[in-house]
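J.: Questions regarding the structure given below will be posed in turn.
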Amino acid sequence: MEERYAWRQMAWWFGGIVVGFKLWTILLAIVFSAQWSTVWYLVLNHVAWLVGLVLLVWGPLTFWYRLVRIRRRRRDLLRAEWEISEHSHRW
(Lines give C-alpha, C1' and ligand atoms only; values in the text may rest on other atoms or scores of the structure.)
Protein backbone atom coordinates (compact mmCIF):
# COMPACT_ATOMS: atom_id res chain seq x y z
CA MET A 1 0.00 0.00 0.00
CA GLU A 2 2.90 2.30 0.77
CA GLU A 3 4.31 1.91 -2.75
CA ARG A 4 0.94 2.68 -4.33
CA TYR A 5 0.70 5.87 -2.27
CA ALA A 6 4.21 6.89 -3.38
CA TRP A 7 3.32 6.35 -7.07
CA ARG A 8 0.14 8.37 -6.67
CA GLN A 9 2.04 11.18 -4.97
CA MET A 10 4.65 11.20 -7.76
CA ALA A 11 1.92 11.35 -10.39
CA TRP A 12 0.30 14.34 -8.69
CA TRP A 13 3.65 16.11 -8.39
CA PHE A 14 4.49 15.45 -12.05
CA GLY A 15 1.07 16.66 -13.22
CA GLY A 16 1.34 19.74 -11.01
CA ILE A 17 4.76 20.59 -12.38
CA VAL A 18 3.58 20.17 -15.99
CA VAL A 19 0.50 22.36 -15.43
CA GLY A 20 2.53 24.93 -13.49
CA PHE A 21 5.14 25.14 -16.22
CA LYS A 22 2.45 25.53 -18.88
CA LEU A 23 0.73 28.31 -16.95
CA TRP A 24 4.02 30.10 -16.26
CA THR A 25 4.99 29.88 -19.93
CA ILE A 26 1.65 31.27 -21.12
CA LEU A 27 1.86 34.08 -18.56
CA LEU A 28 5.32 35.07 -19.77
CA ALA A 29 4.22 34.88 -23.40
CA ILE A 30 1.22 37.11 -22.71
CA VAL A 31 3.25 39.63 -20.72
CA PHE A 32 5.99 39.93 -23.33
CA SER A 33 3.85 39.68 -26.48
CA ALA A 34 3.46 42.86 -28.49
CA GLN A 35 0.24 42.01 -30.33
CA TRP A 36 -3.23 41.00 -29.20
CA SER A 37 -3.48 38.45 -31.98
CA THR A 38 -0.67 36.49 -30.32
CA VAL A 39 -2.48 36.61 -26.98
CA TRP A 40 -5.73 35.37 -28.54
CA TYR A 41 -3.89 32.58 -30.33
CA LEU A 42 -2.31 31.43 -27.08
CA VAL A 43 -5.60 31.58 -25.17
CA LEU A 44 -7.50 29.65 -27.84
CA ASN A 45 -4.69 27.11 -28.08
CA HIS A 46 -4.98 26.47 -24.35
CA VAL A 47 -8.76 26.13 -24.58
CA ALA A 48 -8.31 23.50 -27.29
CA TRP A 49 -5.73 21.75 -25.10
CA LEU A 50 -8.16 21.66 -22.17
CA VAL A 51 -11.01 20.38 -24.37
CA GLY A 52 -8.73 17.57 -25.57
CA LEU A 53 -7.86 16.72 -21.97
CA VAL A 54 -11.55 16.61 -20.99
CA LEU A 55 -12.33 14.33 -23.94
CA LEU A 56 -9.45 12.07 -22.97
CA VAL A 57 -10.63 11.75 -19.35
CA TRP A 58 -14.39 11.56 -20.08
CA GLY A 59 -14.47 7.86 -20.99
CA PRO A 60 -12.68 6.49 -17.92
CA LEU A 61 -14.65 8.79 -15.60
CA THR A 62 -17.94 7.64 -17.11
CA PHE A 63 -16.89 4.00 -16.73
CA TRP A 64 -15.87 4.58 -13.10
CA TYR A 65 -19.16 6.34 -12.28
CA ARG A 66 -21.17 3.50 -13.83
CA LEU A 67 -19.10 0.94 -11.91
CA VAL A 68 -19.76 2.74 -8.61
CA ARG A 69 -23.51 2.88 -9.35
CA ILE A 70 -23.64 -0.83 -10.21
CA ARG A 71 -21.70 -1.80 -7.09
CA ARG A 72 -24.04 0.31 -4.93
CA ARG A 73 -27.08 -1.31 -6.55
CA ARG A 74 -25.62 -4.79 -6.06
CA ARG A 75 -24.92 -4.04 -2.39
CA ASP A 76 -28.51 -2.83 -1.91
CA LEU A 77 -29.91 -5.93 -3.63
CA LEU A 78 -27.80 -8.27 -1.49
CA ARG A 79 -28.83 -6.46 1.66
CA ALA A 80 -32.51 -6.58 0.64
CA GLU A 81 -32.21 -10.31 -0.03
CA TRP A 82 -30.83 -11.12 3.42
CA GLU A 83 -32.68 -8.62 5.59
CA ILE A 84 -36.04 -10.00 6.58
CA SER A 85 -38.53 -7.64 8.18
CA GLU A 86 -40.60 -8.70 11.15
CA HIS A 87 -43.87 -8.24 9.24
CA SER A 88 -42.96 -10.86 6.67
CA HIS A 89 -42.62 -13.58 9.33
CA ARG A 90 -45.73 -15.78 9.41
CA TRP A 91 -45.53 -18.26 12.31
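The values are calculated or read from the model by the stated rules, or taken from the named source; none is laboratory data. All figures in this text were calculated on a predicted structure; none of them were measured in a lab. Quick reminder, even Gly has a Cβ in these numbers, built from the backbone with ideal geometry, and neighbours come from all protein chains shown. These accessible areas exclude ligands, DNA and RNA; they are computed on the full protein's heavy atoms, side chains included. Shrake-Rupley method; radii C 1.70, N 1.55, O 1.52, S 1.80 Å.
J.: With label points built 7 Å along Cα→Cβ from the Cα atoms of TRP13 and VAL31, find their separation and express it in nm.
T.: 2.7
J.: Moving on to the next point. Mind pulling the angle between the C-alpha long axis of helix 36-82 and the longest principal axis of the chain? Nearest 10 degrees, somewhere in 0 to 90.
T.: 10
J.: Just to be sure I understand the model, the point goes 7 Å from the Cα along the line to the Cβ. What's the resulting VAL43 to VAL57 distance in nm?
T.: In this crude label model, VAL43 to VAL57 measures out at 2.3 nm.
J.: For the range 32-84, what % of the accessible area comes from carbon and sulfur atoms, probe 1.4 Å?
T.: It is 69 percent, rounded to a whole number.
J.: Just the number please: accessible area per residue for the chain, 1.4 Å probe, all protein chains included, in Å².
T.: Values: 9450 Å² over 91 residues.
Accessible area per residue, the chain: 104 Å².
J.: Per DSSP helix of 4 or more residues, -39500 (n - 2.57); summed, then divided by the residues of the chain. What does that give at 222 nm, rounded to the nearest 500?
T.: Rounded to the nearest 500, the figure is -31500 deg cm²/dmol.
J.: With a ≥ b ≥ c the root eigenvalues of the C-alpha gyration tensor of the range 6-63, is it rounded (a/c under 1.5), prolate (a/b larger than b/c) or oblate? Before the final figure, lay out the partial values.
T.: Working: a/c = 7.07, a/b = 1.60, b/c = 4.42.
Oblate is the answer for the range 6-63, as a/c is 1.5 or above yet b/c matches or exceeds a/b.
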